[in-house]
Amino acid sequence: MSKQRSWRVALLLSFFLGFLGIDRFYIGRTRSGIVKLLTCGGLGIWWLSDFILIASDYRKDAEGQPLRH
């Protein structure tokens, strides 16, 4: 069982470095993080959608666990 990841850290990473996929790497979604990195956050669309999903507390980590507040 891995450590639960912080919602606040994920939100800040998504806002500032989300276009590089760093938020995806943080929550354990490495493969999609690489794709996001190579596409510059899906030309901004994927970056924005991930930011909204994390901010609305909908995004879960790679193990399906909610992000810790």
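Every number here is computed from the coordinates shown, using simple stated rules; none is lab data. Because the structure is predicted, anything quoted here is derived from the model rather than measured. Heads up, the Cβs are rebuilt from the backbone with ideal geometry, glycines too, and the neighbour counts pull from every protein chain shown.
The label point for residue 22 and the one for residue 52, both projected 7 Å from the Cα toward the Cβ, are 2.3 nm apart. Peptide packing for 54-62, 37-45 was compared via the average number of neighbouring C-beta atoms within 10 Å per residue; ordered from the highest value, the list is 54-62, 37-45. Among 19, 49, 34, flag the residue with its Cα farthest along the positive direction of the charge dipole of the chain, charges on Cβ as +1 for Lys/Arg and -1 for Asp/Glu. Among 19, 49, 34, the one farthest towards the positive end of the dipole of the chain is 34.
Between residue 37 and residue 69, how high is the FRET efficiency from 1/(1 + (r/R0)^6) when r is the Cβ-Cβ distance and R₀ = 30 Å? Nearest 0.05. For R0 = 30 Å, the calculated efficiency reads 0.65.
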